[in-house]
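The values are calculated or read from the model by the stated rules, or taken from the named source; none is laboratory data. Everything quoted here is computed from the prediction, not taken from an experiment. Glycine gets a Cβ as well: all are built from the backbone with ideal geometry, and neighbour counts include every protein chain shown. SASA here: full protein model, heavy atoms, side chains in, ligands and nucleic acids out. Shrake-Rupley method; radii C 1.70, N 1.55, O 1.52, S 1.80 Å.
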Amino acid sequence: MKSYKKLLALGLSVVMLAGMTACGGGDDKPAASDSNNTPAASSNNASGNDDTNTSADNSDGGSAVGPAAETRTIRIGTWYDHFYDSTNESIWDDQSVSDEEFAQAHFDVVKEVEEKYNVRIEFVNLTFNGTRESINTSILAGHPDCDIYEVDLSFGIAAALNGYAINLRDIVPDADVCNDRMIFTPTNIGLNDDSVYLFTQVSAEAGLYNTYMLAYNKQILDDAGLEYPEDLYERGEWTWDKWREYMVQLTQDTNGDGVIDQYGYCSRWDFTVYNLLMSNGTTIASTDTETLSSPEVGEVLDFMYNMWSVDRVAKPWNSDDFDSNQNSYLDGNIAFWATAAWISDANKDINCDFDIVWCPWPIGPHGNQDTNNLRNLSAGNAWMIPTGVEDPEFVYHVFEDWANWYHGDTDYRDSNLTWWEDCAMTEENYAVMEYTGSRDQFDLWNNFGLEWDNDWVSLMNGDMTPAQFQETWKQPIQDSLDNYFK
């Protein structure tokens, strides 16, 4: 068994213990969030961050809230299609169904909730930008378009902190989300209190959501006679320096025409930043004081600068086709890239004509393999009940019962991880994904809506030095933190 599997066991124990302490303490990130807003898992699966097998106390809907006097439609705004609601006529309305039994359980609970509360459940696909617009306009006007919103944390945290979300602690203090957390768990938005503004569904999948591993093309490493990174990691030898050596060696002109046609690395800059920060044991915006200007973050910027502009081991950034920077590995000439389950699924990695292996990110000069965080939890999705909604307590209990499609049987809820296993392709890859979800970091650097994308590209292209980048952006980061924590 790999040593990172042993680390996983300890890490998950810590996560579960933290999750049982105070309401508002843990963030499970129900979906791996990216700029394309691709959901991370099949809609047949619940989401959350607890793999305990203890049944919820209200497993069969023991809420004291009674039915509505007149049939009420509970509208749930999101930006991609969800299943199931009162508009669906069969499980096959979701064409992605892979497990009929699970799908039927999700489908049947809708009828139960309809009858119990005299309601209709309706998911409304507002699109990503439409969700933000609806929150910013309808809630501010005092008449929310929806009773519940699914928010991306890039704007959901700000919405909550600016009074757009109801504190569930105030309206349902005895509910599952504030106590047992078997159905819902609070999302950490950086407040040091027991408030519950954003929340996510609970399941064993929580440790898998929003995980980004380092992937490599096994054939390229085999052809070069290089030792596998996961083996180096076990011995504590998988470092930035070693990775740099690998990338330099693997960046080649393979056909002798004088043009580099195989690169050591290619991926999105934001995925790269997230993981280099964590692998160097640092953050940019995790407290009320910016650390963009710190030496540790400077090392991250230096490493990126060297990858693209000095060693030139990273494939030149394609500003004309953002997605190509993530998907170039499919051509078989990229040694390393950032990956996630949703990327593997979207690109059908299982069908590639080369073997793809996932490994932990290498350890930076200020990093520590035993303590580095591995997953950033200031990105992802969560639910919120907007300020101004009619009878929010009723809305919460309806939604809680809808989410409890497994009737408190958490063994059953957590028994199907087929989608994740298929994305991982191998047991070894799956173990790395679990390990990556075992230690979480809260870092808001990419949640402020700063228009700095072009400067990140300038850093990679060599048009801006790391020192210039720090000097340019340290004050905007501090200003954003001042506003965030005011």
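For residue 422, are the conditions met, namely being on the phi < 0 side of the Ramachandran plot and either of a type in the set (A, V, I, L, M) or touching a Phe, Trp or Tyr at 6+ places or on another chain (Cβ under 8 Å) (or both)? Answer is no for this residue. Annotation note: of 345, 331, 323, 353, the sole residue that is open to solvent by 40 Å² or more (accessible area, probe 1.4 Å) and modelled with pLDDT under 95 is 323.
Picking from residues in the stretch 137-166 that are in contact (Cβ under 8 Å) with a residue 12 or more places away in the chain and open to solvent by 70 Å² or more (accessible area, probe 1.4 Å), the one that is nearest to residue 399 (Cα to Cα) is 145.
Of the residues making up the stretch 79-110, those that are part of a helix (DSSP H, G or I) and among the acidic types (Asp, Glu) are 93, 100, 101, 108.
No other residue among 482, 463, 422, 455 is in a loop (DSSP other than H, G, I, E, B) and acidic (Asp, Glu) apart from 463.
When residues in the stretch 284-294 are screened for being open to solvent by 10 Å² or more (accessible area, probe 1.4 Å), modelled with pLDDT of 95 or more and either under 17 Å from the mean Cα position of the chain (by Cα) or not hydroxyl-bearing (Ser, Thr, Tyr) (or both), 1 of them pass. Taking the stretch 190-203 as the search range and keeping residues that are surrounded by 24 or more Cβ atoms within 10 Å (Cβ to Cβ) and out of contact with any helix residue (DSSP H, G or I) (no Cβ under 6 Å at 6 or more places or on another chain), which one is modelled with the lowest pLDDT? Taking the candidates together, the pick is 202.
Of the residues making up the stretch 418-455, those that are among the aromatic types (Phe, Trp, Tyr) and either within 29 Å of residue 297 (Cα to Cα) or surrounded by fewer than 18 Cβ atoms within 10 Å (Cβ to Cβ) (or both) number 5. Check whether at least one residue in the stretch 400-410 is open to solvent by 20 Å² or more (accessible area, probe 1.4 Å), assigned to a loop (DSSP other than H, G, I, E, B), in contact with a helix residue (DSSP H, G or I) (Cβ under 6 Å, 6 or more places away or on another chain) and within 17 Å of residue 206 (Cβ to Cβ), and report yes or no. Within the stretch 400-410, not a single residue is open to solvent by 20 Å² or more (accessible area, probe 1.4 Å), assigned to a loop (DSSP other than H, G, I, E, B), in contact with a helix residue (DSSP H, G or I) (Cβ under 6 Å, 6 or more places away or on another chain) and within 17 Å of residue 206 (Cβ to Cβ).
The single condition among (1) in contact (Cβ under 8 Å) with a residue 40 or more places away in the chain; (2) at negative phi; (3) not aliphatic (A, V, I, L, M) that residue 462 does not satisfy is (2).
The strands (runs of 3 or more DSSP E) found entirely in the stretch 306-398 that carry 1 or more residues being closer than 27 Å to residue 159 by Cβ are 381-384.
Residues of the stretch 85-120 that are surrounded by 14 or more Cβ atoms within 10 Å (Cβ to Cβ) and hydrophobic (A, V, I, L, M, F, W, C): 91, 97, 102, 103, 105, 107, 109, 110, 113, 119. With the structure loaded, tell me whether residue 308 is open to solvent by 20 Å² or more (accessible area, probe 1.4 Å), in contact (Cβ under 8 Å) with a residue 24 or more places away in the chain and among the aromatic types (Phe, Trp, Tyr) or whether it fails that test. No, not satisfied.
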